[in-house]
Amino acid sequence: MDIKNFTDIKSLKSLFFDNKTVRQTILKNTFWLAAAEGVSRLLGLILIIYIARILGATEFGKFTFALSFVSMLAIISEFGLSEITIREFSRDKETEKEYSAILSLKILLSIGALLLILISSFFITPDPVIQKIILLLGVYVLISNFFSIIYAFLRARQRMEYECGAKIFQSLIIVSIVLFILFKFPSIENLSYGYLFTNLIALSFILLFFHFRIHSLNLSWNKAVWQKFFKLSWPLGLAAVFGTIFINVASVMMGCLGQITETGWYNAARRIVGVTIIPATLIFMSFFPVLSKFFKESNEKLQRAWNHYMEIMIILAMPIMVGGLFLAPRIIDFLYGSSFAPSIFAFQILIIMAGINFLYNPYLMILIVFNQQKKYLWINLIAAITNVALNLILIPIFSLYGAAVAAVITYLVILFLGIEFSKRFALISLFDSRLFKILLIGIFSSIIMFVVISQSVVYNLNVILTIIIGILVYFAALFLFYKFLFRINLLRKIYGY
């Protein structure tokens, strides 16, 4: 190998494994988080598709009903610890010495959540099979939640490449073993056992790796540290509880009302929409440590980073909504088959919710960065109350479509409240003429994308090819519009008009 090739390899390695400049660090973190979320969510979606196809809408409805109920209660084990750990460790590396106490607190919260799940399962359903599934999935979800405190440490150090490896490893184990169970011994009970034991295996390996390569794992029963982190995290913890309620309560309500098949149809649509939100999640995770760092260092850097964040979210929200609305029939039929046709309209409603999710995330993040966790809590409380009230009214009348409409209205409430609170408490500019231009560019590019994919020669292709063509057309149009506006602005500066 000559010196030039060696230098190129070294530079490439440095780009993806070292933290050098702000932009390079954000790029590196986004790349690894994209790889982790993309692969794990894609594998998870493939697994869900096979579960729905093999078990059918009714059995799939039972499984998702139990999983949604468990998720609402298991969130207690999180209680905002991960976000606060990232924020505090990013700002001051000395706080890492408190990590052992945080781990012990996480274990205590998980035990408490498991007891709550066990007791509540006897009241939510009389079906002993679903009660057993709730317990098995409860342990599975609590193990999954435990990963978050490990990833929080890695994100604070901005070592997302390790998180990427851990998530892909976890997903590969789960998908391979659960698919084997699904094909050989198809039942929701066996499926639940598969999820539980594969997660235990993954956790064991990841804890060993973390202990010997990253940071030694110890438990410390330090009440002072617990009090400190509880004081910081309880608003985020309660906000997460309320957020989980409005995400999962529709499935639980439909299950309690005996609409088990409808629950299967609804969750089939919701799972795909969840995949479209992956970019919003990974961009949030990439920017959060950086914004938390700039909060202490420089208001100018904070403003610049937040502007980049908001621009990216606007650019991604537009094609997801337009493309999802138009291609919904093709997507549902391709993934689930004709028996899930009732999922199409629910998907079209929920894809609007996905676009709103992209737009409200920056406003909620800036509240956390500015230590306004209580405002974040109020937003989620109001959203949870709104969602529960709407579901109580709409689900008995419109079933899964009522649940989808309730979700969209709830997300609009979150967006409105996020903007209002951020304007009052964030000491940066939250929307300017540049962002307005980006919004217009996104809208016009989406229109061009729609015109292209609506042509029969493109629409009738394999749906994956249609989506790829739509993405390419959108970003090509986006680039051309952006360059055009850049030149117009340059001419105005030169000639003063």
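The values are calculated or read from the model by the stated rules, or taken from the named source; none is laboratory data. For clarity, every value in this text was computed on a predicted model and none was experimentally measured. FYI the Cβ positions are ideal-geometry reconstructions off the backbone, even for glycines, and counts take in every protein chain you see.
Of everything in the range 368-399 that is over 21 Å from M72 (Cα atoms) and free of Cβ contacts under 8 Å to residues at least 40 places away in the same chain, the residue that is surrounded by the fewest Cβ atoms within 10 Å (Cβ to Cβ) is I397. The single residue among I150, I206, I143, I133 that is touching an Asp or Glu at 6+ places or on another chain (Cβ under 9 Å), of a type in the set (A, V, I, L, M, F, W, C), under 22 Å from S100 (Cβ atoms) and part of a helix (DSSP H, G or I) turns out to be I150.
A quick yes/no check of all residues on (1) surrounded by 23 or more Cβ atoms within 10 Å (Cβ to Cβ); (2) of a type in the set (A, V, I, L, M); (3) assigned to a helix (DSSP H, G or I); (4) touching a His at 6+ places or on another chain (Cβ under 7 Å):
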{"site": "F295", "(1), (2), (3), (4)": "no, no, yes, no"}
{"site": "R304", "(1), (2), (3), (4)": "no, no, yes, no"}
{"site": "I312", "(1), (2), (3), (4)": "no, yes, yes, no"}
{"site": "L327", "(1), (2), (3), (4)": "no, yes, yes, no"}
{"site": "D333", "(1), (2), (3), (4)": "no, no, yes, no"}
{"site": "F345", "(1), (2), (3), (4)": "no, no, yes, no"}
{"site": "Y363", "(1), (2), (3), (4)": "yes, no, yes, no"}
{"site": "I366", "(1), (2), (3), (4)": "yes, yes, yes, no"}
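Scoring V178 on the criteria (1) β-branched (V, I, T); (2) modelled with pLDDT of 80 or more; (3) closer than 22 Å to R91 by Cβ leaves a single failure, condition (3). For the range 225-262, what are the residues that are buried (at least 21 other Cβ atoms within 10 Å of the Cβ) and part of a loop (DSSP other than H, G, I, E, B)? Passing the criteria: only Q259. Residues in the range 282-329 that are β-branched (V, I, T), within 20 Å of L367 (Cβ to Cβ) and out of contact with any Gly (no Cβ under 7 Å at 6 or more places or on another chain): I283, V290, I312.
Matching residues to (1) touching a Leu at 6+ places or on another chain (Cβ under 6 Å); (2) among the acidic types (D, E); (3) crowded, with 21+ Cβ neighbours inside 10 Å; (4) assigned to a helix (DSSP H, G or I):
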{"residue": "A36", "(1), (2), (3), (4)": "no, no, yes, yes"}
{"residue": "L43", "(1), (2), (3), (4)": "no, no, no, yes"}
{"residue": "G61", "(1), (2), (3), (4)": "no, no, yes, yes"}
{"residue": "E96", "(1), (2), (3), (4)": "no, yes, no, yes"}
{"residue": "F122", "(1), (2), (3), (4)": "no, no, no, yes"}
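Selection over the range 324-382 of residues that are of a type in the set (F, W, Y), more than 29 Å from Q455 (Cβ to Cβ) and within 21 Å of the chain's Cα centre (by Cα) gives a count of 4. Only one of the listed residues (S233, S251) is more than 29 Å from I48 (Cα to Cα) and in contact (Cβ under 8 Å) with a residue 60 or more places away in the chain. That residue is S233. The set of residues in the range 78-102 being touching a residue at least 24 places away in the same chain (Cβ under 8 Å) and more than 26 Å from F287 (Cβ to Cβ) consists of S100, A101. Here's a check for you: in the range 63-79, which residue that is assigned to a helix (DSSP H, G or I), of a type outside the set (A, V, I, L, M, F, W, C) and closer than 30 Å to R159 by Cα is modelled with the lowest pLDDT? Step by step, filter the range 63-79, then rank; the result is S77.
Working carefully through the options L472, L465, L390, find the one that is in a helix (DSSP H, G or I) and either more than 23 Å from R330 (Cβ to Cβ) or under 23 Å from the mean Cα position of the chain (by Cα) (or both).
Going through L472, L465, L390 in turn, the sole match is L390.
Scanning the range 429-479 for residues that are surrounded by fewer than 17 Cβ atoms within 10 Å (Cβ to Cβ) and among the small types (G, A, S) yields a total of 5. Annotation: of all residues in the range 272-281 being out of contact with any Gly (no Cβ under 8 Å at 6 or more places or on another chain) and assigned to a helix (DSSP H, G or I), the one that is nearest to Y151 (Cα to Cα) is T281. Applying the criterion of being of a type in the set (S, T, N, Q) and part of a helix (DSSP H, G or I) to the residues of the range 161-196, the residue that is farthest from K28 (Cα to Cα) is N190.
Only one of the numbered conditions (1) surrounded by 23 or more Cβ atoms within 10 Å (Cβ to Cβ); (2) outside any helix (DSSP H, G or I) is violated by Q158, and that is (1).
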